[in-house]
Amino acid sequence: MPQPELSSTPVKVVRNVDRDRFELFTDETPAEFIGFLAYREVDPRTLELQHTIISEGFSRRGFARTLVTTVLDRIRNDDGRIVPTCTYVQGYLERFPQYGDLVADQ
């Protein structure tokens, strides 16, 4: 099964609960904002993943894949589930079916 190839640039993902999104930053000082994955809480264990947005200066460098992989790994570690309405996340799940078990029963 193919494994997602992550960005070689060190990054950090922060869950911004006030804005309902996971934010991606470079892991340096000062940190640069790279992009975000917006969500809506369906219930305490389930997040609807709505939009993946990467800043233009960081596009086509694996940052969206890195962000989604990190978020899905966190959700799995928290025994959570997802509803993937984001088209990027839907395509990701097709390429990396090992994350399919996270999709909530509809």
- Principal-axis tilt of helix 63-77 within the chain, Cα atoms, nearest 10 degrees: 40 degrees
- A 1.4 Å probe over the protein heavy atoms gives the chain a carbon and sulfur accessible-area percentage of 46 percent
- Within segment 41-74, backbone nitrogen closer than 11 Å to the virtual label 7 Å beyond the Cα of PHE25 toward Cβ: none
- Item | Per residue accessible area of the chain, 1.4 Å probe, in Å² | 60 Å²
- Using +1 at the Cβ of each Lys and Arg and -1 at the Cβ of each Asp and Glu in the chain, identify which of PHE25, VAL89, GLN3 lies farthest towards the dipole's positive end. GLN3
- Message: Between [x] 2, 13, 18, 16, 12, 10, 9, 6, 5, 4, 3, 2, 1, 0; [y] 2, 11, 19, 20, 16, 12, 8, 5, 4, 2, 1, 0; [z] 2, 13, 24, 27, 19, 10, 4, 1, 0, which entry matches P(r) over Cα pairs in 5 Å bins from 0, in percent as derived from the coordinates of this structure?
- Response: [z]
- Task: Treat every Asp and Glu Cβ in segment 4-106 as -1 and every Lys and Arg Cβ as +1, leave all other atoms uncharged, and give the resulting dipole magnitude about the Cα centre to the nearest 20 debye.
- Result: 180 debye
- Message: Looking at the chain only, what percent of DSSP beta bridges run antiparallel? Nearest 5 please.
- Response: 80 percent
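The values are calculated or read from the model by the stated rules, or taken from the named source; none is laboratory data. Keep in mind that what you see is a predicted model, and the values were worked out from it rather than measured. Positions of Cβ are backbone-derived with ideal geometry, glycine not excepted, and every protein chain shown enters the neighbour counts. These area figures cover heavy atoms from the full protein model, side chains too; ligands, DNA and RNA do not enter into them. Shrake-Rupley method; radii C 1.70, N 1.55, O 1.52, S 1.80 Å.
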